[in-house]
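The values are calculated or read from the model by the stated rules, or taken from the named source; none is laboratory data. Remember, predicted model here, so these are calculated numbers, not experimental data. Please note: Cβ atoms are built from the backbone with ideal geometry, for glycine as well, and neighbour counts cover all protein chains shown. Quick note on the areas: whole protein, heavy atoms, side chains included, nothing else; ligands and nucleic acids left out. Shrake-Rupley method; radii C 1.70, N 1.55, O 1.52, S 1.80 Å.
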Amino acid sequence: MGAELRRDDMEVAEEDISDSQAFRFVEHVLQSVRMDPFLVDLKDKDEYDNLLSIVDSSKKRSFDDEALLVPTLKALSEAVSKIDIMYHHALLNNAAVADQFLRECLQMLVNNFTPPGSLTAFIDQPRWFSRKKEIYSQLQESLRMISDTVPLAPRMLKDIIDRSMPKLFDNKAKMVSFVECMLGLDNDRMGDLIGALLLAKVVDLLTELDVNITWEDILQEEHNKGIFDMELEDLDEDEDSLGQEGTKALFGGNACAEKLDGLMVVFCEHLKSCREHGRLLKEFGILKTIFRASVLRVHKSKFAQFIMFYACSLDPEICGLEFALFLTDIFAKKEEDPISRMSAVSYIGSYLSRARFISADTVVAVLKRLVDWCVDYCDLQNNIGITTKPINHQIFYASCQAVMYILCFRLRSIMDYPNLKSQLFNMPFGYILTHPLEPLKVCLPSIVSEFLRQAKAARLFNASVRLAFEDALESDLSKTFGGMNRLDVFFPFDPYLLKESDRYMRPNFEYWSMVKTTYNNYNSDVDDELVDLDAPEMNVGSLDDHVEIDFNSDDDLEYSMNKMSITPHRSFFHQMAMNSDTGLTMPARIRPSVSPPS
């Protein structure tokens with residue numbers, strides 16, 4: 001039937017031509033001329049010439065011609081796979097859109113990702129919500145149709161989106177609107193074509209905003225009653241003192257914080273939508289690659305990395321476990337650069353401590369890999385001769401600190417499972433921590449102190465090992481409290497401070513006040529010693545994410561390692577030691593800072 005559907009058959013009322021009929025006609029015509037022109041049947045050649053006449057953009061069309069053009073172009077878009085550049089050259093010349101018109105068309109659609117300036121301030125009002133969704137849907141569908149019809153469109157669209165991305169100083173409404181509409185393209189066919197680019201551009205924007213928020217931007221006294229002197233989850237009780245704008249009060253009106261907060265809400269909603277539509281695993285695979293390239297080594301980032309935390313919480317069994325193993329693999333690979341390995345093990349320690357959705361058996365499995373690596377490292381040092389300069393063993397100390405930090409949060413819960421407790425108690429912690437490399441004297445004192453306190457209560461070590469630990473701490477107090485040889489690392493999943501998007505993180509986040517310690521023996525009351533060590537005396541700083549590090553230079557490597565710091569001033573630790581009868585306690589939140597100048 002399709003073979004007999006000629007131009008005179010098509011020149012009927014548009015409603016009489018079904019899409020399937022038009023498609024079969026066009027498909028037949030295209031297929032019939034895919035051969036040497038001398039071999040084409042005259043009847044088929046006439047039909048092909050008629051098709052060329054219909055799509056000829058140079059001739060003036062009547063209303064009937066316009067009506068006939070619509071189903072023909074639609075049929076051509078469905079039959080793209082049948083078009084051959086050799087045999088259908090004339091068709092491509094007639095039907096193809098000139099590049100300049102295609103680019104202008106795509107640019108116009110992308111420009112409408114954001115509302116007109118007069119509406120920007122009102123776009124989030126409830127009365128505009130349904131209209132905004134409708135416009136987004138129309139824009140996205142138009143871009144999909146163009147991409148289906150014009151094979152070069154997705155590549156051109158990538159470039160246009162890249163150049164049109166919101167800039168750091170654009171207002172929040174513009175940023176949120178653009179990203180929300182853009183992420184709507186990351187599904188089905190369009191997601192396959194440009195999804196990775198869309199996610200990468202959004203993560204880059206999140207990270208750029210994040211690194212422009214400094215800890216000095218967070219008010220410590222004026223608006224929040226000493227926020228760093230209390231557990232973060234207690235903030236809800238004092239919301240009136242924070243003001244109605246949440247993030248604005250918390251960050252003293254910091255514009256980057258407000259923008260980042262709004263974008264984190266949009267991104268979390270996108271991830272939730274991916275889970276609902278069965279696309280989360282695919283999205284997570286792309287996000288891992290982006291995280292590895294753009295976030296892992298950015299030690300000034302405080303919040304952007306929580307997109308991984310939230311994605312993992314949506315599917316703990318697959319994504320949650322996969323992220324832990326992903327980080328562990330980076331840490332364990334000798335081929336990775338030292339900064340990436342230290343960052344990865346810091347992420348492991350913070351992630352397994354703070355993620356409530358990670359099972360105890362996963363924690364024990366990862367702990368075993370870390371401990372086994374530390375044992376192998378100690379054995380290697382025994383064989384080649386031990387050098388005690390901490391800068392030469394930064395990765396080892398970082399892994400030891402991660403192990404202790406995880407156990408500060410998870411030791412009590414692991415002991416609830418006899419089989420896991422048995423595995424944990426068989427790990428050679430004593431061999432590692434009493435090794436001549438002396439990790440207890442280099443790692444952060446507050447973590448060492450809390451770990452030893454819980455380990456002692458749990459009887460994780462025998463009496464002789466515990467005595468050796470206590471002697472080590474007492475004999476090297478000055479070195480432990482602020483000594484220049486102590487390891488400095490960062491904790492990327494410290495409590496989340498963005499007010500609006502906090503609702504996505506809070507249900508799955510483990511605050512220190514929630515932790516059951518071994519010395520509390522099921523006591524639900526928070527030990528009065530478990531206070532927040534954050535204080536105004538703590539300095540702020542981090543490794544600039546744009547600094548190029550020369551890994552062949554000892555000076556560059558030592559500088560970059562020292563910049564990865566959460567370490568308070570020496571005076572702060574000495575004051576803590578003098579004022580405490582029980583030694584240092586575990587910090588509820590640890591903030592980035594810079595090591596004391598040498």
- Taking a 1.4 Å probe, which of F425, F309 shows the most accessible area, and what order do the others take after it? F425, F309
- Above-threshold pairs, the threshold being 20 Å between Cα atoms, out of K132/K174; K334/K441; K167/K201; K158/K201; K174/K288: K334/K441; K174/K288
- Determine the alpha carbon to alpha carbon distance for each of K82/K133; K421/K516; K45/K82 and list only those over 26 Å. K82/K133
- Item | Distance in nm between pseudo-label sites at V70 and E141 (7 Å out along the Cβ direction from Cα) | 1.4
- Item | Cα-based shape type of the range 317-463, given that a ≥ b ≥ c are square roots of the gyration tensor eigenvalues and the cut on a/c is 1.5 | oblate
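Of the heavy-atom accessible surface of the range 334-516 (probe 1.4 angstrom), what whole percent is carbon and sulfur?
51
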- Query: Rolling a 1.4 angstrom probe over the protein heavy atoms, how many square angstrom per residue are accessible across the range 334-516?
  - Reply: 36
- Task: State whether the range 26-126 is rounded, prolate or oblate according to the following rule on the C-alpha gyration tensor (a ≥ b ≥ c being the square roots of its eigenvalues): a/c under 1.5 gives rounded; otherwise a/b larger than b/c gives prolate, and the remaining case gives oblate.
- Result: prolate
- Value of relative contact order over the range 334-516, rounded to a whole percent, pairs C-alpha under 8 Å and six or more apart: 33
- Task: Among N187, S177, A153, pick out the residue whose Cα is farthest towards the positive end of the charge dipole of the range 135-197, where Lys and Arg carry +1 and Asp and Glu carry -1 on C-beta, about the Cα centre.
- Result: S177
- Message: Test of the criteria: in the range 269-337, which GluC sites (Glu not before Pro) are in a DSSP loop and have at most 11 other Cβ atoms within 10 angstrom of their Cβ?
- Response: E335
- Note on the structure: With x for Gly and Pro, the residue-by-residue ³J(HN,Hα) of the range 438-454, computed from phi through the Karplus equation 6.51 cos²θ - 1.76 cosθ + 1.60 at θ = phi - 60° and given in whole Hz, is 6, x, 5, 8, 10, 6, 4, x, 5, 6, 4, 4, 5, 4, 5, 5, 6
- 3J(HN,Hα) from dihedral phi, the range 394-411, Karplus parametrisation 6.51/-1.76/1.60, rounded to Hz, x for glycine, proline: 4, 5, 4, 5, 4, 5, 4, 5, 4, 4, 5, 5, 4, 5, 4, 8, 10, 4
